[in-house]
Amino acid sequence: MRTKTACRNKWIRVGQWLPALAVLVAQPLLAEPHDGDTKRLQVIAPPIVFQAAGPNAASIQSTVDQFRAALGGVNNGNTNGPLPTGRREINWDGGGSTNTSPGPTPFTVFLNSRGSLMETPGSGFVQAPASGLADTFANPSLATNFQAFSPVRLFAPVDSTVTDVTFFVPGGGNVPAQTTGFGAVFADVDSPDGGGSGVRQSKAAGSSLIGYYDAAGRLLYKSFIPSSPGTATLSFFGLVFPEPRVAFVRIITGRKDPGHGSDPVLDLVVMDDFIYGEPQMIP
Ligand SMILES: [Ca+2]
C-alpha cells in the first residue's frame, strides 16, 4: 500500500514528471520482474490505445464505440459480479437527473454496483449539468464552456484537479480488482500544453493527463488527453490491455480546478463517461 500511495503522491507533483512525459509516451511498456533477482526488465504486452477529440459528441462517438467493443460488447449495468466478461459504464446522469449533486471523497456511489471508487485530494466531487458546475464553482463561464457527451450531467473533483479511480469486484465486499482497460470522456481540453483556448504556454505545463497503475502501484502507461481548440469541445482517451492489469488510474483534469475563474491561460476541464472492462479479482 505504501508503494501505491507513494506513486499517487508523486503524481500530485505533476510538474516534476512532465518534462519526462513526452519521452515516456509511446515507449515500450516495461516493468520490474517479480523475482527481483535481475536488473533486466520484462516487456509487457502493449495496450491498444483509443483517442479522439473534436467540437462535439459526434467527433468522438465512433472511437468511444470501438473502445466499448474492445472491452467487451455487453454493458453489465448494476449486475453483481464477478462476471467473466463485459464492461461497466458511469455516465453521471442519474437516470435523467438535472440536479446538481455534490458528494464526498471517497465517492462510493458506484463502489458496490459497478466496482469503482473515486477519490480526490480535494474536498469532494460533483455531478451536475454545465449550469450546475457554474454554480458549484462560482464561475458563470462554465455554463457555456462545457457540454456533456451523455446529456446532461458531467463529473468533476472540487478544489482539486486530481481524480483517482480504484477498481473492486462489483457486488460489494470491497474485493480489490483489476481491469483490462479504462477510458474517459473529457470536456473542453483546449491545448496539450495547459493553456486556455488559443493560448500557448511559454513552457509546457500540461493540462489533462491519465496514468494507469497495476495492483503493486507500478505505472503501466500514462498519456496526455487529446485536445481540440474551441469552446465546449469533447475528448476521449482509453486503452485496453490483453489481460486484466489495471488496478487504479489517476486522472488530472485541467491546469486548475474550475473554481479558478475564466483566466484564458488556465485550461479548465471536467469529465463525462467512465467506461471500463469488467473488474476481475486480483489472483
Ligand atoms: Ca453524462
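Just so it is clear, none of the values below were taken in a lab; they were calculated from the coordinates. As the structure is a computational prediction, the values presented were derived from the model and not from experiment. Reconstructed Cβ throughout: ideal geometry from the backbone, glycine too, with neighbour counts over all protein chains shown.
Shape of region 54-188 from its Cα gyration tensor (a ≥ b ≥ c, root eigenvalues): rounded if a/c is under 1.5, otherwise prolate when a/b > b/c, or oblate? Intermediate results must be reported in sequence, preceding the final value.
Working: a/c = 2.08, a/b = 1.32, b/c = 1.57.
Oblate.
Show the residues, 5+ positions off or on another chain, whose built amide H is closer than 5 Å to the amide H of Ala148.
Long-range HN contacts for Ala148: none found.
In sequence order, what are the phi-derived ³J(HN,Hα) couplings for region 151-168 according to the Karplus relation 6.51 cos²θ - 1.76 cosθ + 1.60 with θ = phi - 60°, rounded to whole Hz, with x for glycine and proline?
With coefficients 6.51, -1.76 and 1.60, one gets x, 10, 9, 10, 9, 8, x, 10, 6, 6, 10, 10, 10, 9, 10, 10, 9, 9 Hz.
Please list 84-96, 210-222 highest first by mean number of surrounding beta-carbon atoms within 10 Å per residue.
Result, highest mean Cβ count within 10 Å first: 210-222, 84-96.
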